[in-house]
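K.L.:
My structure is below; once you've seen it, I'll send some questions.
Please treat every number below as a calculation from the coordinates, not as lab data. A quick note: this is a predicted structure, and the numbers were derived from the prediction, not measured. Cβ placement follows ideal geometry from the backbone for every residue including glycine, while neighbour counts extend to all protein chains displayed.
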């Protein structure tokens with residue numbers, strides 16, 4: 001479906017009658033598929049048409065000077081290639097190509113920064129990974145844990161899919177075992193000893209709601225809905241049903257009651273998502 | 001731990017739980033802008049300059065139905081203990097600029113200025129917690145000073161929990177402590193609707209409502225400060241043009 005005024009009206013009008021363009025209910029998630037790769041920590045997640053690949057890797061490093069007893073946790077997000085948010089915004093035709101590109105690029109870049117910052121906030125500030133368990137010897141040697149999130153196909157709602165991918169990848173990952181006897185530390189390769197899982201404190205799930213005129217809410221917006229929405233709110237819930245993160249940056253102002261409604265729905269759906277992640281990892 | 005005195009219930013800087021830091025603000029502080037404001041909340045100091053509405057510099061960036069906002073957020077190298085220059089393309093700066101842009105996009109009546117742009121330059125001079133909220137308040141003042149029509153005041157505040165009790169207007173020390181849930185909220189004063197809501201770090205669901213309630217009263221106080229500043233500056237403008 002193209003992005004034009006007629007389609008925008010169509011999306012809005014059908015929402016008023018309680019229908020979504022792709023036939024879902026307003027609080028339905030799209031189909032979720034979590035594919036575990038052959039290697040530890042390699043996961044591909046498909047949420048509707050959105051595809052994300054996440055890969056966890058680990059290496060030895062010196063700890064940061066201000067945190068000598070903590071491992072280093074890095075999240076790197078990649079939007080390049082077909083996963084770029086600009087796709088579809090490029091207007092065809094040689095004359096308008098450059099002109100349309102610059103603004104679309106600017107907007108996409110800001111959106112990309114917002115998504116990667118949120119991913120980082122949810123995974124880091126809520127202590128998903130116990131970084132202290134990544135320390136081998138204080139001030140000397142720690143593990144540097146790195147999650148690479150690659151967005152492959154953009155079908156709306158990158159953030160939720162990205163969180164699912166990153167969390168599944170972290171839970172699926174196994175690191176080499178380390179044994180410390182006195183002064184000597186031995187790191188066993190994967191062939192020598194069975195690798196050990198990371199210590200994961202809790203599993204968060206993020207749920208994004210898009211809202212339209214008259215505060216009509218939909219969960220898990222598709223590409224089209226994301227283009228036509230008046231604003232969005234993302235809520236991250238962890239496995240203890242606590243709020244991890246809320247982000248509503250601008251957009252049309254909404255009633256406080258709408259926020260509460262979103263939270264109630266998010267808690268229910270988060271349980272479902274966390275169960276889905278757990279059962280996929282079994 | 002962060003509470004200064006258990007007995008008196010005072011915070012690390014001697015405030016009570018629902019007490020804000022001192023707010024000093026002034027509009028029309030820079031001559032060569034269309035609107036400007038200086039906003040100080042405790043030790044967080046912000047200067048905002050507005051250029052526009054004017055013809056869009058890049059025609060590609062202009063929109064035929066409404067105004068284009070361009071927000072630049074600059075952190076002064078001397079703004080914090082760490083003397084480091086942050087570029088305006090730093091990811092945290094871009095994030096704050098985007099939040100402010102998206103907040104004001106729907107408050108400014110943009111349909112009045114199609115094909116134009118409004119530039120908002122925000123300079124963070126000194127930071128001591130609550131940067132985003134102070135930026136929003138300062139931008140709101142500067143936009144009013146520039147005479148740009150808006151539907152309502154946007155007032156922002158941050159709030160959180162310190163030692164299990166809700167606190168308003170966290171400073172940097174309180175913000176930096178890891179377990180402090182930190183909420184930044186911006187509301188439209190007349191309708192009470194929420195423009196921006198950000199929560200970082202974990203918070204039990206039933207603890208959200210009390211802190212939001214507290215934040216709203218804080219926003220109302222900030223509104224009264226902003227409003228009296230605007231009225232004063234308008235009055236002095238009227239006084240200066242009497243013939």
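K.L.:
Return A:173, A:73 ranked ascending by Cβ neighbour count within 10 Å, so the fewest neighbours appear first.
P.N.:
Listed from fewest to most nearby Cβ atoms, that is A:73, A:173.
K.L.:
Return one quarter of the surface area of the convex hull spanned by the alpha-carbon atoms of segment A:5-281, equal to its mean projected area, in nm².
P.N.:
Averaging across all directions leaves 17.2 nm² for the Cα convex hull.
K.L.:
In what sequence, highest mean first, do A:248-259, B:14-25 appear when ranked by Cβ atoms within 10 angstrom?
P.N.:
A:248-259, B:14-25
K.L.:
Just want to confirm a number: the relative contact order over chain B, from Cα pairs under 8 angstrom separated by 6+ residues, in percent.
P.N.:
20 percent
K.L.:
Cα centroids of segment A:196-223 and segment B:92-153: how far apart, whole angstrom?
P.N.:
Measuring centre to centre over Cα atoms gives 27 Å.
K.L.:
Mind checking the full-extension length gain between residue A:26 and residue A:5? Use 0.36 nm per residue of separation minus the Cα-Cα distance, one decimal, nm.
P.N.:
Details: separation 21, 0.36 × 21 = 7.56 nm, distance 2.21 nm.
Gain on extension, residue A:26 to residue A:5, equals 5.4 nm.
K.L.:
Now for a separate question. Could you order peptides A:48-58, A:196-206 by the average number of other Cβ atoms within 10 Å of their residues, highest first?
P.N.:
The peptides rank, most packed first, as A:48-58, A:196-206.
K.L.:
With angles folded into 0 to 90 degrees, how steeply does helix A:5-16 sit against the dominant principal axis of chain A? Use alpha carbons for both and round to 10.
P.N.:
Approximately 80 degrees, to the nearest ten.
K.L.:
While we're looking at this one, here's another question. Averaged over B:198-210, how many beta carbons belonging to a partner chain fall within 10 Å of each residue's beta carbon? Before the final figure, lay out the partial values.
P.N.:
On the way: counts 7, 9, 9, 8, 13, 5, 4, 9, 1, 2, 5, 3, 0.
Neighbouring Cβ atoms belonging to other protein chains average 6 per residue here.
K.L.:
Pick from A:211, A:27, A:154: which is most flexible by mean-square fluctuation in a GNM of chain A where alpha carbon atoms under 10 Å apart are linked?
P.N.:
Of A:211, A:27, A:154, the Gaussian network model singles out A:27 as fluctuating most.
K.L.:
Order these peptides, B:71-83, A:138-150, by their mean beta-carbon neighbour count within 10 angstrom, highest first.
P.N.:
Ranking the peptides B:71-83, A:138-150 by packing returns A:138-150, B:71-83.
K.L.:
Okay, moving on. Work out the mean other chain Cβ neighbour count within 10 Å for the residues of B:98-104 and drop it here as an integer.
P.N.:
Going residue by residue through B:98-104 and averaging, the value is 5.
K.L.:
Follow-up question, since we're still on this one. Classify chain B from the C-alpha gyration tensor, please: rounded if a/c falls under 1.5, else prolate or oblate depending on whether a/b exceeds b/c.
P.N.:
prolate
K.L.:
Using the Kirkwood radius over Cα pairs, work out the Stokes-Einstein diffusion coefficient for segment B:1-126 at 4 °C and 1.567 mPa s, in µm²/s as a whole number. Walk me through the numbers on the way to the answer.
P.N.:
Details: Rh = 16.9 Å.
In µm²/s, the coefficient rounds to 77.
K.L.:
To make sure I understand, if each residue's beta carbon is the centre and we count other beta carbons within 10 Å, what order do A:269, A:282 fall in, fewest to most? Display every interim value, and only then the final one.
P.N.:
Values: A:269 20, A:282 4.
Fewest-to-most Cβ neighbours within 10 Å comes out as A:282, A:269.
K.L.:
Pick from A:23, A:182, A:41: which residue has the top mean-square fluctuation in a GNM of chain A where Cα pairs under 10 Å get a spring?
P.N.:
Between A:23, A:182, A:41, it is A:182 that shows the largest mean-square fluctuation.
K.L.:
Treating the angle as unsigned and between 0 and 90°, give the value, to the nearest 10°, between the Cα long axis of helix B:91-105 and the longest Cα principal axis of chain B.
P.N.:
Result, in degrees: 60.
K.L.:
What does the average come to when, for each residue of peptide A:122-134, you count the partner chain Cβ atoms lying within 10 Å of its Cβ?
P.N.:
1
K.L.:
Follow-up question, since we're still on this one. If you build a Gaussian network model of chain B, linking Cα atoms that sit under 10 Å apart, which residue out of B:199, B:188, B:141 swings the most?
P.N.:
Ranking B:199, B:188, B:141 by mean-square fluctuation puts B:199 first.
K.L.:
For the Cα atoms of chain B, what angle does the longest principal axis make with the long axis of helix B:131-145, in degrees from 0 to 90, nearest 10?
P.N.:
Result, in degrees: 30.
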